[in-house]
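Below you'll find the structure, written out as structure tokens, and then a few comments.
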Ligand SMILES: Nc1ncnc2c1ncn2[C@@H]1O[C@H](COP(=O)(O)OP(=O)(O)OP(=O)(O)O)[C@@H](O)[C@H]1O
Ligand SMILES: [Mg+2]
């Protein structure tokens, strides 16, 4: 954090995050490990999870899926860093229902510990409906928690799939950076 | 030897990208380095500042569209200094189009040709973060970031660093980053504090000579002259001569 001295004409220091990123990487790795642990714990009966490890409810607006942050808050809570930070997640080339619970766990941890989530979608060659829906739910959940989510460098395939499902606008992947990679 | 490719970049407008591109490249050329400078801004200010005002002349636009080679578009504008103008179609390359023709690697491909005996290629970027800047970030190995000494410039720099880090991750490369203190007003207290802040976050990366704000530098573009032609020997000419040495020798604050 920036120390203020009396004579300083610079109040809020916009570059302070540059000095925080090193710490951030470490904590994020720890967080991801905790997330893996959570995936294994995931069939504990007291949480009402659907088959992909996420909670199913009747009246949710996205086909019954919600991104429930409760479990991560319980397990990851102690590790939650004091400072808010940017979490980065890189999507795999093939993102489908087989690995959606992995991604779900990652996103939960990111939600629990960051004030911004950057998702690198440049490598995506295949992405399925389940994953795109998860991302939509992430966007909505994050927005309600004032967390910014940006999907960076979306590949042509990512954009095509998102468009097909009419989700490109919600996911905000229509900017000029599309298809650059 | 491969030419070093340097993008002069800052998405904030009016910070001195073009002034730096014009006068630093001329200073380097006067020292005997072979330089090509690309006007990568559809506004064509760089060409104007170097005295080239042909309206419909093609340039880097045609090279990026694969319709000519970079060598064919190089205009010798001073000894050791070639200019590649923006060209009328650069603007359309900046705009998003549905066909997917907007690509990030067009400039990189264009510069991958064998550029015989060029030491440095400079790219004067536009004040945006669109497709053109993405192309510059793909193509460049080094970034030169002119910064003014006001508070909002720090804010802008924070944004720029975020962008640069994303590209470094996505392209899996690490830029050599240098900052230039531009339009510096030594008598202002905020100027010194912005400079201190820059040194705190970019130790060893701020070039040693600040370019001071002077009337002569503001005047010379309208005559199509560099500072070495417009006011040789004046203090702004000296600033840029020193900056050229900083750049070559890696002299930092
Ligand atoms: N050191 C200086 N002293 C005086 N005037 C300067 C100085 N540097 C730049 N200027 C003037 O400030 C204005 C903006 O500078 P310049 O065009 O170099 O910035 P830029 O970053 O290229 O702008 P843009 O973002 O529009 O491309 C110009 O009118 C230029 O002449
Ligand atoms: Mg300019």
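The values are calculated or read from the model by the stated rules, or taken from the named source; none is laboratory data. Note that the structure is a prediction, hence the values are computed from the model and not measured. Using ideal geometry, Cβ is built from the backbone for each residue, glycine included, and neighbour counts are taken over all protein chains shown.
So which residues in region B:124-150 are out of contact with any strand residue (DSSP E or B) (no Cβ under 6 Å at 6 or more places or on another chain), surrounded by fewer than 18 Cβ atoms within 10 Å (Cβ to Cβ) and either part of a helix (DSSP H, G or I) or more than 11 Å from every other protein chain (Cβ to nearest Cβ) (or both), if there are any at all?
Scanning region B:124-150 gives a single hit, B:127.
Which count do you get for residues in region A:115-135 that are within 14 Å of another protein chain (Cβ to nearest Cβ) and under 9 Å from the mean Cα position of the chain (by Cα)?
Result for region A:115-135: 4.
Which residue pairs have Cβ atoms closer than 6 Å, lie 6 or more positions apart in sequence or on different chains, and pair a first residue in region B:106-129 that is within 15 Å of residue B:4 (Cβ to Cβ) and within 16 Å of ligand 1 (Cβ to nearest atom) with a second residue that is modelled with pLDDT of 95 or more and in a loop (DSSP other than H, G, I, E, B)?
Close Cβ pairs satisfying both conditions: B:123/B:40.
So residue B:114 ticks every box in (1) within 13 Å of chain A (Cβ to nearest Cβ); (2) part of a loop (DSSP other than H, G, I, E, B) but one. Which box is left unticked?
Among (1) within 13 Å of chain A (Cβ to nearest Cβ); (2) part of a loop (DSSP other than H, G, I, E, B), residue B:114 violates only (1).
Would you check if there is a residue in region B:72-79 being assigned to a loop (DSSP other than H, G, I, E, B) and over 22 Å from residue B:245 (Cβ atoms)? Can you show your working first?
As a first pass, look at region B:72-79 and keep what is assigned to a loop (DSSP other than H, G, I, E, B): B:74, B:79.
Then keep just the ones that are over 22 Å from residue B:245 (Cβ atoms); that gives B:74.
Scanning region B:72-79 turns up at least one residue that is assigned to a loop (DSSP other than H, G, I, E, B) and over 22 Å from residue B:245 (Cβ atoms).
May I ask you to verify whether residue B:65 is away from chain A (no Cβ under 14 Å), in contact with a strand residue (DSSP E or B) (Cβ under 9 Å, 6 or more places away or on another chain) and either over 20 Å from residue B:137 (Cβ atoms) or more than 16 Å from ligand 1 (Cβ to nearest atom) (or both)?
Spelling it out, it is not the case that residue B:65 is away from chain A (no Cβ under 14 Å), in contact with a strand residue (DSSP E or B) (Cβ under 9 Å, 6 or more places away or on another chain) and either over 20 Å from residue B:137 (Cβ atoms) or more than 16 Å from ligand 1 (Cβ to nearest atom) (or both).
For region B:83-106, indicate whether the set of residues that are in contact with a helix residue (DSSP H, G or I) (Cβ under 9 Å, 6 or more places away or on another chain), under 28 Å from residue B:149 (Cβ atoms) and surrounded by fewer than 24 Cβ atoms within 10 Å (Cβ to Cβ) is non-empty. Steps first, please.
To start, the set of residues in region B:83-106 that are in contact with a helix residue (DSSP H, G or I) (Cβ under 9 Å, 6 or more places away or on another chain) comprises B:83-96, B:100-106.
Now narrow it down to the ones that are under 28 Å from residue B:149 (Cβ atoms): none.
No: region B:83-106 contains no residue that is in contact with a helix residue (DSSP H, G or I) (Cβ under 9 Å, 6 or more places away or on another chain), under 28 Å from residue B:149 (Cβ atoms) and surrounded by fewer than 24 Cβ atoms within 10 Å (Cβ to Cβ).
Go through region A:121-130 residue by residue and tally those that are in contact with a strand residue (DSSP E or B) (Cβ under 6 Å, 6 or more places away or on another chain) and touching a residue at least 40 places away in the same chain (Cβ under 8 Å).
1
Restricting to region B:13-32, what's the tally of residues that are within 11 Å of ligand 2 (Cβ to nearest atom) and either in a loop (DSSP other than H, G, I, E, B) or farther than 17 Å from residue B:142 by Cβ (or both)? Full working, then the answer.
Within region B:13-32, the subset within 11 Å of ligand 2 (Cβ to nearest atom) is B:13-22.
Right, trim to either in a loop (DSSP other than H, G, I, E, B) or farther than 17 Å from residue B:142 by Cβ (or both) and you get B:13-16, B:18-19, B:22.
The total comes to 7.
How many residues, within region B:13-35, are within 13 Å of ligand 1 (Cβ to nearest atom) and surrounded by fewer than 21 Cβ atoms within 10 Å (Cβ to Cβ)?
2
Check every one of the helices (runs of 4 or more DSSP H) wholly within region B:169-253 and list those with 1 or more residues that are more than 14 Å from chain A (Cβ to nearest Cβ), surrounded by fewer than 16 Cβ atoms within 10 Å (Cβ to Cβ) and at pLDDT 95 or above.
B:215-219, B:227-230, B:235-249
Do we have any residue at all in region A:78-86 that's farther than 19 Å from residue B:170 by Cα, within 14 Å of chain B (Cβ to nearest Cβ) and either under 12 Å from the mean Cα position of the chain (by Cα) or at pLDDT below 85 (or both)?
Yes, because at least one residue in region A:78-86 is farther than 19 Å from residue B:170 by Cα, within 14 Å of chain B (Cβ to nearest Cβ) and either under 12 Å from the mean Cα position of the chain (by Cα) or at pLDDT below 85 (or both).
Out of B:38, B:60, B:5, B:9, I need the residue that is more than 16 Å from ligand 2 (Cβ to nearest atom) and surrounded by 16 or more Cβ atoms within 10 Å (Cβ to Cβ). Which one?
B:5
Picking from B:135, B:117, which residue would you name as being farther than 16 Å from residue B:21 by Cα and out of contact with any helix residue (DSSP H, G or I) (no Cβ under 9 Å at 6 or more places or on another chain)? Steps first, please.
Values: B:135 fails: out of contact with any helix residue (DSSP H, G or I) (no Cβ under 9 Å at 6 or more places or on another chain).
Sole residue among the options that is farther than 16 Å from residue B:21 by Cα and out of contact with any helix residue (DSSP H, G or I) (no Cβ under 9 Å at 6 or more places or on another chain): B:117.
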